[in-house]
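Below is one structure, written out as structure tokens, with a few remarks after it.
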Amino acid sequence: MSSIALITGTTHGIGRVTSRELAKAGRTVVMLCRDVPAAQRVRNEILAMVPGASIHVVECDLASLASVRAAAGAVRRDFGRISLLINNAGIAPSRQQMSVDGFELTFATNHLGPFLLTQLLLDRMNSPGRIVNVASRVHYRGTLDLNRVVNAKARFNPMAAYAQSKLANVLHTFALARRLTGTPITANCLHPGVVATNLLPRWLRAIKPLLSPMMLDEERGAKTTLYLALSEVVTGASGKYFDENQIAQPAAEAANNVLLQEALWEVSERWVKQD
Ligand SMILES: NC(=O)c1ccc[n+]([C@@H]2O[C@H](COP(=O)([O-])OP(=O)(O)OC[C@H]3O[C@@H](n4cnc5c(N)ncnc54)[C@H](OP(=O)(O)O)[C@@H]3O)[C@@H](O)[C@H]2O)c1
């Protein structure tokens, strides 16, 4: 089996394009998705473009810790060592919902699920291996208010919930990179640009032609993820945040706060053990 690349959320948007390009680059692509029929359709689409590609679908609902455990188990059972783990899937819901495990859904999907997945597969990473977390520029606006994550009665602000989850992606990446120092495994995160995908509100997508060239299409939106996944230029680079032009940028002050990184790590470890 060729070098294995795992990626979450490939049914649409940036993840779909990234998977196709990984297949073109000769990787065995394992797509972790909650909607298996949709993922199979993407698989067939890629196979039509890249005949002979090795593409697999594993069911994984990142908003359910049990589903993440089952998916990690299936990956451990069915595949060899992993060269690349791309935590791409994400949501930005407009109303408050709680996950089956009792966590605010944006945080559960965008941070807790990927955190657990990464923990469960870390010892399966290849040497060298790369972990790529798709964060966002919105993390600069994020603050951590973990009470809101567990309190279903807390006032819900969709933008604050999304920004918090993306700040968590950067904090997670930096804490992970510190733990991986001295190993051949790297961890980086990125802002893909403002990309016209399902994630954006419908009204913003509808006026896309007016906003161009500010808004990127999905092909451009996948560029930084692919750069961090495949480019030789970033071999050995770790603990960095890249912008949509593939340039390493200083992350938010909060993201660089080691105490905050460790506080998030500690609470995430505790919460993912609860299911
Ligand atoms: N678009 C932008 O402007 C932008 C900007 C900054 C950062 N980002 C980040 O880029 C990443 C990709 O987003 P996108 O723009 O490509 O959005 P998208 O087109 O909405 O795709 C999101 C993907 O995540 C999957 N997903 C959602 N919830 C899931 C769950 N519980 N379990 C497993 N998969 C789940 C979706 O699958 P389903 O088909 O099952 O819904 C879909 O495949 C996200 O992390 C997002 O935060 C996007």
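Values in this text are rule-based calculations from the coordinates and carry no lab data. Because the structure is a prediction, the values reported are computed rather than measured. Don't worry about glycine lacking a Cβ; one is built from the backbone with ideal geometry, like all the others, and counts go over all protein chains shown.
Work out the charge dipole of the chain with +1 on the Cβ of Lys and Arg and -1 on the Cβ of Asp and Glu about the Cα centre, then indicate which of T183, I247, V100 is farthest towards its positive end.
V100
What is the count of Lys pairs in the range 4-272 whose alpha carbons sit under 21 Å apart, if the two are 8 or more places apart or on different chains?
5
Would you compute, for the Cα atoms of the chain, the largest minus smallest coordinate along each principal axis and list the three values in descending order, in whole Å?
Principal extents (Cα only, largest first): 50, 46, 36 Å.
Going by C-beta contacts inside 10 Å, put M49, M98 in order with the fewest on the left.
Placing the least packed residue first, the sequence is M49, M98.
Under a point-charge model restricted to the Cβ atoms of Lys and Arg (+1) and Asp and Glu (-1), what is the dipole moment magnitude of the chain relative to its Cα centre, in debye to the nearest 20?
That gives a dipole near 240 debye.
Build a GNM of the chain with springs between Cα atoms under 10 Å: which of A53, A154, A23 gets the top mean-square fluctuation?
Judging by the Gaussian network model, the answer is A154.
I need the phi-derived Karplus couplings for the range 140-148: 6.51 cos²θ - 1.76 cosθ + 1.60, θ = phi - 60°, integer Hz, Gly and Pro marked x.
Per residue, the Karplus-derived 3J(HN,Hα) values read 4, 8, x, 10, 8, 10, 5, 4, 5 Hz.
Which of V68, V150, V170 moves the most in a Gaussian network model of the chain with Cα springs under 10 Å?
Its mean-square fluctuation being the largest, the pick is V150.
Rounded to the nearest 500, what is the 222 nm mean residue ellipticity of the chain from helices alone, with -39500 (n - 2.57) per DSSP H run of 4+ residues and division by all residues?
-12000 deg cm²/dmol
Give a quick list of trypsin sites (Lys or Arg not before Pro) in the range 38-127 that DSSP marks as loop, anything other than H, G, I, E or B, with at most 16 other Cβ atoms within 10 Å.
Filter output for the range 38-127: R81, R95.
Rounded to the nearest 5, what % of DSSP beta bridges with both residues in the range 31-180 are antiparallel?
Of all bridge pairs located within the range 31-180, approximately 10 percent are antiparallel.
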